[in-house]
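Take a look at the structure below.
The values are calculated or read from the model by the stated rules, or taken from the named source; none is laboratory data. Quick caveat, the model's predicted, so the values are computed rather than measured. Don't worry about glycine lacking a Cβ; one is built from the backbone with ideal geometry, like all the others, and counts go over all protein chains shown. Accessible surface is based on the protein model in full, side chains and every heavy atom, while ligands, DNA and RNA are left aside. Shrake-Rupley method; radii C 1.70, N 1.55, O 1.52, S 1.80 Å.
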Amino acid sequence: MPPSVDAPPDLSGLLELSRIENLDLKPVILRVQTDLFVRAAARDRTEIEIFESLACGLIPTVDEETARVVARKLAPCPETPPAVLEALALRGGEARDAVVELAPTLSHRLIEAALAEGSDIAARIAARAGLSREAVDELSREGRPEIDRALAANLGHTLRGAALARLVNRGRSTPDLARLLLVRPDVSAADLVPLYLHADPIRRTVIGRAVEATAALRPCPPAPRGLGETLTGLSAARDVPAFMAALADGLGLPRDFLTVVADASARYDLLTLGLRAAGLHEEEAVYIFLTLNQGVARSAERVADLVRLFRTVSRPASRDLIAAILDRPLAERGRGEAHQPLHGPEAKLRQGAERVAAQRPSLPVRARAAGGGEPA
């Protein structure tokens, strides 16, 4: 019985020819069958499966030019079998680049194929518009700076969930990534709290309001007793190591907590939040700004900025900001607050600070100049 006119073409003869030594018909066969597949008005399941089998068998064997031409024709076609696109991506080179650029969607398996050899195309994938949530999640797991920046700068997809959390976490120590995340319109202020120190003044205000709204709903533990007097005494003596140790202990934080911030200016902003979280009065904070670091004290504008930050963030909100920036909660009670020994090294340190505090000049009563917040 003759074959039906509707039956798919029998390609077995062509496949046999392709195996003849010294007669390389594979590029021709692949190009011809690709053209027939792309131009077909309709394709049933059997035809698609036959083309998939043929193409996947020939793609690894053809030359680069043929692979590139075929990839540019097949990648935009919605009915191209996923296995064919994955085979083209696995080849690397221009065939892979064409698939990444032109495929309507990038599945998890297709991304894996494109990245199979640790290629440098990941950032280009991350920059594509219309990435699926799964693709964004997979790319965010790579942990490569160029991919993170491309994902953060790509407004063609929505950042949310675990992928956003990963990028924000890395943004704590990566200023350029943080700045890209801070300007995204699809990320809420609540999600950007860990990046507070990298934000401009306007964005800080928005983030601060979000933090204040939630911090006000929880009770705030009492401020450590006598910590303000201890810190001002150590600041007057310019004993920075002892000052930082006392502040960190009062907050229940590691003594090197400021070192997580690379930028010196942002580090002093974190210090200011620490003073606010520790329950210091404004006059005590101003005194520290004027005595602890002469580089800061000599800049009236910088001191005014620090005073403004101290005033505009409440103590509960400053605790929450520090916890988010450092990715660790503050202790409800500072280390050493419940018991203060009368003898030993700790007692000598405290008594020394108290003696210095008794000898230093009185704190300024007001720390405001006519310019609106500069210390007197």
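Could we say that residue 301 is touching a residue at least 12 places away in the same chain (Cβ under 8 Å), open to solvent by 50 Å² or more (accessible area, probe 1.4 Å) and either among the small types (Gly, Ala, Ser) or part of a helix (DSSP H, G or I) (or both) here?
yes
A count restricted to the stretch 131-162 and to residues that are surrounded by 21 or more Cβ atoms within 10 Å (Cβ to Cβ), more than 30 Å from residue 265 (Cβ to Cβ) and under 13 Å from the mean Cα position of the chain (by Cα) stands at 2.
Among the residues of the stretch 55-71, the one identified as loosely packed, with under 13 Cβ neighbours inside 10 Å and not in a helix (DSSP H, G or I) is 63. Looking across the stretch 224-257 at every residue that is open to solvent by less than 40 Å² (accessible area, probe 1.4 Å) and assigned to a loop (DSSP other than H, G, I, E, B), the one that is modelled with the lowest pLDDT is identified as 224. Among the residues of the stretch 306-321, those that are more than 26 Å from the chain's Cα centre (by Cα) and buried (at least 19 other Cβ atoms within 10 Å of the Cβ) comprise 306, 307, 310.
Here is the figure for the stretch 95-130: residues that are of a type outside the set (A, V, I, L, M, F, W, C) and either buried (at least 17 other Cβ atoms within 10 Å of the Cβ) or in contact with a strand residue (DSSP E or B) (Cβ under 6 Å, 6 or more places away or on another chain) (or both) total 3.
Each row is one residue, and each column tells you yes or no for (1) under 20 Å from residue 120 (Cβ atoms); (2) at pLDDT 95 or above; (3) touching a Gly at 6+ places or on another chain (Cβ under 9 Å); (4) assigned to a helix (DSSP H, G or I).
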{"position": "134", "(1), (2), (3), (4)": "no, no, no, yes"}
{"position": "139", "(1), (2), (3), (4)": "yes, no, no, yes"}
{"position": "149", "(1), (2), (3), (4)": "yes, yes, no, yes"}
{"position": "157", "(1), (2), (3), (4)": "no, no, yes, no"}
{"position": "162", "(1), (2), (3), (4)": "no, yes, no, yes"}
{"position": "169", "(1), (2), (3), (4)": "no, yes, no, yes"}
{"position": "177", "(1), (2), (3), (4)": "yes, yes, yes, yes"}
{"position": "191", "(1), (2), (3), (4)": "no, yes, no, yes"}
{"position": "196", "(1), (2), (3), (4)": "no, yes, yes, yes"}
